[in-house]
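The values are calculated or read from the model by the stated rules, or taken from the named source; none is laboratory data. These numbers come from a predicted model, not from an experiment. Virtual Cβ from ideal backbone geometry, glycine too; neighbours counted across all protein chains shown.
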Amino acid sequence: MDGNSKHLEARVFRGNWMDGALDVSAGAALVVTGVFWLTGPTAGQTLAPVLAFVLYPILRSKITEPRIGHVRFAKERRAKLRMAHWIMLSIGVAALGIGIGFYFLRRDAADSDLARTLVPGLPAALVGLMAIGGAIMLGLSRFLVYAAALIIGGVVVILMDAHPGWALLAGGIVATWTGLCLMLQFVREYPVVNSVME
Amino acid sequence: MRAFPIDAKAVASLDRLLHEPARLSIVACLAVVDEADFVFLQAQTGMTGGNLSSHVKKLEQAGYITTSKEFQGSKPRTSFALTDEGREAFTGYLTSMRSLLGVLDGHASK
């Protein structure tokens with residue numbers, strides 16, 4: 001591919017993510033996690049990833065594909081996407097590991113220990129790190145805003161010694177709201193078209 | 001002295017099937033992806049269904065694109081992909097146009 005083709009391909013790829021479906025799915029998952037964590041039933045938090053995995057394909061098939069259709073990107077792009085998935089999964093596993101590690105550190109630490117102080121902000125900061133990964137790999141700058149909201153939320157939680165669920169809830173609300181606005185704009189801009197070739 | 005030092009044969013040899021904005025935009029779209037469906041091409045090119053259908057049929061008849069039909073649940077989906085022949089024709093067209101525009105650009109800047 002020459003420079004112009006690469007530019008066109010990048011534009012088509014970015015356009016494929018302008019429906020807000022990813023933002024709404026990820027944001028809703030964070031909101032659910034935050035709410036369940038704040039209100040007590042921790043088992044409810046396991047719903048969050050399930051919600052994201054179920055909601056995203058539904059939104060794509062019901063809202064996105066009837067409007068902008070379906071595309072299979074070139075091999076090079078699909079390889080990059082696969083790598084992005086693995087990197088995100090690795091960051092997620094690392095985040096989980098660090099979270100568990102800090103949990104035990106906090107449990108065994110004295111009240112004044114740094115670990116005990118920092119732990120409440122950690123979940124939001126780690127999810128923020130995943131959002132930065134998403135922003136880089138998908139070329140979507142708005143994910144940097146979500147990352148900033150999550151990291152700032154984490155810092156505020158640390159400073160106020162508040163519940164970690166608040167930072168996740170705040171980040172989730174920012175992502176869901178932005179996603180819904182994008183989705184509304186997308187639906188207005190692209191009407192449903194007849195998918196059958198005449 | 002010639003007003004435009006353009007190779008007339010090169011101009012005449014431009015692929016007329018591709019030298020049409022609607023078909024060129026379809027082929028340009030398909031050149032950067034592996035496969036795209038009918039709705040995707042409509043959204044990218046801004047063409048109506050009927051218009052797009054007539055252009056893809058011409059491209060298919062020339063062997064530049066292949067068409068495949070499948071069902072996504074209960075909905076039919078028609079997908080298109082550029083053939084090797086189509087990719088070659090598109091690359092050749094771009095090369096010819098670049099050289100032609102280069103000559104014109106050079107002449108205009110004098």
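At negative phi, crowded, with 16+ Cβ neighbours inside 10 Å and modelled with pLDDT of 75 or more, is that true of A:Ala95?
Against the criterion (at negative phi, crowded, with 16+ Cβ neighbours inside 10 Å and modelled with pLDDT of 75 or more), A:Ala95 does not qualify.
So how many residues does segment B:47-90 have that are modelled with pLDDT of 90 or more and on the phi > 0 side of the Ramachandran plot?
Number of matching residues: 1.
Quick grid of which residues meet (1) within 9 Å of another protein chain (Cβ to nearest Cβ); (2) surrounded by 13 or more Cβ atoms within 10 Å (Cβ to Cβ); (3) among the polar types (S, T, N, Q):
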{"site": "B:Gly49", "(1), (2), (3)": "yes, yes, no"}
{"site": "B:Glu70", "(1), (2), (3)": "no, no, no"}
{"site": "B:Ser79", "(1), (2), (3)": "yes, yes, yes"}
{"site": "B:Phe90", "(1), (2), (3)": "no, yes, no"}
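Of all residues in segment A:50-75 being aliphatic (A, V, I, L, M) and at the interface with chain B (Cβ under 7 Å from one of its Cβ atoms), which is surrounded by the fewest Cβ atoms within 10 Å (Cβ to Cβ)?
A:Ala74
Within segment B:37-45, does at least one residue satisfy the condition of being at the interface with chain A (Cβ under 8 Å from one of its Cβ atoms) and either surrounded by fewer than 17 Cβ atoms within 10 Å (Cβ to Cβ) or outside any helix (DSSP H, G or I) (or both)?
For segment B:37-45, residues at the interface with chain A (Cβ under 8 Å from one of its Cβ atoms) and either surrounded by fewer than 17 Cβ atoms within 10 Å (Cβ to Cβ) or outside any helix (DSSP H, G or I) (or both): present.
Does A:Val35 qualify as being surrounded by 15 or more Cβ atoms within 10 Å (Cβ to Cβ) and closer than 25 Å to A:Ser141 by Cβ?
So A:Val35 fails the test.
Considering only residues that are part of a strand (DSSP E or B) and among the hydroxyl-bearing types (Ser, Thr, Tyr), which ones fall in segment B:63-93?
Result: B:Thr66, B:Thr67, B:Ser68, B:Thr78, B:Ser79.
Considering only segment B:12-38, state which residues are free of Cβ contacts under 8 Å to residues at least 12 places away in the same chain and within 13 Å of A:Gly69 (Cβ to Cβ).
Result: B:Val33, single match.
Would you mind finding the one in A:Arg78, A:Arg142 that is surrounded by 19 or more Cβ atoms within 10 Å (Cβ to Cβ), among the basic types (Lys, Arg) and modelled with pLDDT of 70 or more?
So the residue among A:Arg78, A:Arg142 that is surrounded by 19 or more Cβ atoms within 10 Å (Cβ to Cβ), among the basic types (Lys, Arg) and modelled with pLDDT of 70 or more is A:Arg142.
Quick grid of which residues meet (1) among the polar types (S, T, N, Q); (2) under 30 Å from B:Phe80 (Cβ atoms):
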residue: A:Met137; (1), (2): no, yes
residue: A:Arg142; (1), (2): no, no
residue: A:Met160; (1), (2): no, no
residue: A:Pro164; (1), (2): no, no
residue: A:Val174; (1), (2): no, no
residue: A:Cys181; (1), (2): no, no
residue: A:Arg188; (1), (2): no, yes
residue: A:Asn194; (1), (2): yes, yes
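What's the total number of residues in segment A:144-170 that are under 21 Å from A:His85 (Cβ atoms) and in contact (Cβ under 8 Å) with a residue 24 or more places away in the chain?
Result for segment A:144-170: 2.
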